[in-house]
1. Select from 52, 245, 207 the residue whose mean-square fluctuation is largest in a Gaussian network model of the chain (Cα-Cα springs shorter than 10 Å).
2. Arrange the peptides 82-90, 19-27 so that the one whose residues have, on average, the most other Cβ atoms within 10 Å appears first.
3. When the Kirkwood hydrodynamic radius is evaluated over all pairs of different C-alpha atoms of segment 284-395, what value in angstrom, to one decimal, is obtained?
4. Expressed in whole Å with the largest first, what are the equivalent ellipsoid semi-axes of segment 139-211 derived from the C-alpha gyration tensor as the square root of 5 times each eigenvalue?
5. Treat segment 395-435 as a sphere of radius equal to its Kirkwood radius over Cα pairs and apply Stokes-Einstein at 25 °C in a medium of 0.890 mPa s; give the translational diffusion coefficient in µm²/s, rounded to a whole number.
6. Check residue 267: other-chain or 5+ apart residues with amide H under 5 Å from its amide H, H built from backbone geometry?
7. If each residue of separation counts as 0.36 nm, what is the full-extension length gain between residue 131 and residue 205 once their alpha-carbon separation is subtracted?
8. Among 277-288, 410-421, 211-222, 363-374, how do they line up from the highest to the lowest mean number of other beta-carbon atoms within 10 Å?
Amino acid sequence: MMLLWLTAMVPQSKPPPCDLMTQTCSSPTSAQMTLLFFSFVLISLGAGGVRPCSLAFGADQLDRRDNPKNVRVLESFFGWYYASAAISVLIALTGIVYIQDKFGYRVGFGVPAILMLLSALVFFLASPFYLKQQASKSLLTGFVQVIIVAYKNRNLTFPLPNSTASYHHKRDSNVVAPTDKLRFLNKACIIKNPEQDIALDGSAANPWSLCTVEQVEELKALIKVLPLWSTGIIMSINLSQNSFPVLQASSMDRHLTKKFQIPAGSYGMFNIISLALWVIFYDRAILPMASKIKGKPVRIGVKLRMGIGLFLTCIAMVVSAIVENARRKEALRSGFQNNPTAVVKMSAMWLVPQFCLNGFAEAFTAIGQTEFFYSELPKSMSSIAAALFGLGLAVANVLASVVVSIIDDITSKGGKESWVSSNINKGRIDNYYWVLAILSFINLFYY
């Protein structure tokens, strides 16, 4: 953030102002672009460290896996974490953007830079008061070791049942033998020659020739959650539809009053608002009321919540297709086929239901998935559990571009107008939404 602030503060770090008389602007130099992009890279690396680890760190403060009542505590924590994140995005895209627009980028970039500085200061001052799990190894290195050693030992025969001494495990560990699921990985922890394979302290003499049972089970746990993790990718593709709704909103009546209209790019806020409101309403009203009626604690299981979210995102795409079909018909009826920027006599508030449905879908599936990963994976993998949803979102953004490219290539053959044309009145974005709806329903059955 400090580097990004410098691009606004230091005159040499940006191109000179445009010449208003000749209407010409100088392009940025390679050094100026490098500084700008390097600030984005650092922000991305920082976010990649903070986001998954802050969630896992918070859960570590509350995690008591031996207490059944603690499940409700974690559910509440994950919900409020996502609600606070949604509210922070709302503030960033309204308050911070307003400051940038009103006072310029010198102040607009300076405010978040100072906030991040204060955040870092508070983090270090408060650090001694928290429970901190010390990392003792690299999980990713351990996963690679298990795969390589299992492949090396592929011709080994499995020990006899209940032959726990044949498997290498940590001292004082409760897990002395691997499970039968994904059994081919068990060969990674088979002791071939105790004198050569085991060091004097009980550890493996060569970790690339012998792994522990714990390493094997950690990799198995990750593999077992991947199918359910993959079901969230289609939902994230639906959530990443930002460009087309902006084009739709731009061509619709966005006025709330005669003088005020909602910016076309701000309709995505309804997604964030609905997510935050649902989490608060669910945690503070629905669950307490249901528990009071039934006379015992009530909670919706994580798998059911994930399924509800996937269903809601299907409905969101259906609604998106129906609304776009109605908008396009109105545009053609008004003679705007060749004028995609013309405003049709249709309120942009018709776009709100699809954003709200996607917000509810994210509230159910994103929070449910994170809680599911955290409960299924070993505690040593809590940061990976927290990072999985973000990884799915990243994969979805790449796949969303691939889907658009494929649809564009197929539908534009023979000189035809592409479904995803920049002229939305000539294109068929409604058909594109129907494709996403069909993929979402297939994904629901897959789930």
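Only the coordinates and a few stated rules stand behind these numbers; no lab work does. Nothing here was measured: the structure is a model prediction, and the numbers come from that model. Ideal geometry is used to build each Cβ from the backbone, glycine not excepted, and the neighbour counts take in all protein chains shown.
1. 207
2. Details: 82-90: 17.0, 19-27: 8.3.
My ranking of the peptides, most packed first, is 82-90, 19-27.
3. Values: mean 1/r = 0.0581 Å⁻¹.
Hydrodynamic radius (Kirkwood, Cα pairs) of segment 284-395 is 17.2 Å.
4. So the equivalent ellipsoid measures 16, 15, 13 Å along its semi-axes.
5. Working: Rh = 10.4 Å.
Answer, rounded: 236 µm²/s.
6. none
7. On the way: separation 74, 0.36 × 74 = 26.64 nm, distance 3.24 nm.
Here the answer is 23.4 nm.
8. Working: 277-288: 16.0, 410-421: 13.5, 211-222: 22.6, 363-374: 25.3.
Per-residue mean Cβ counts within 10 Å order the peptides as 363-374, 211-222, 277-288, 410-421.
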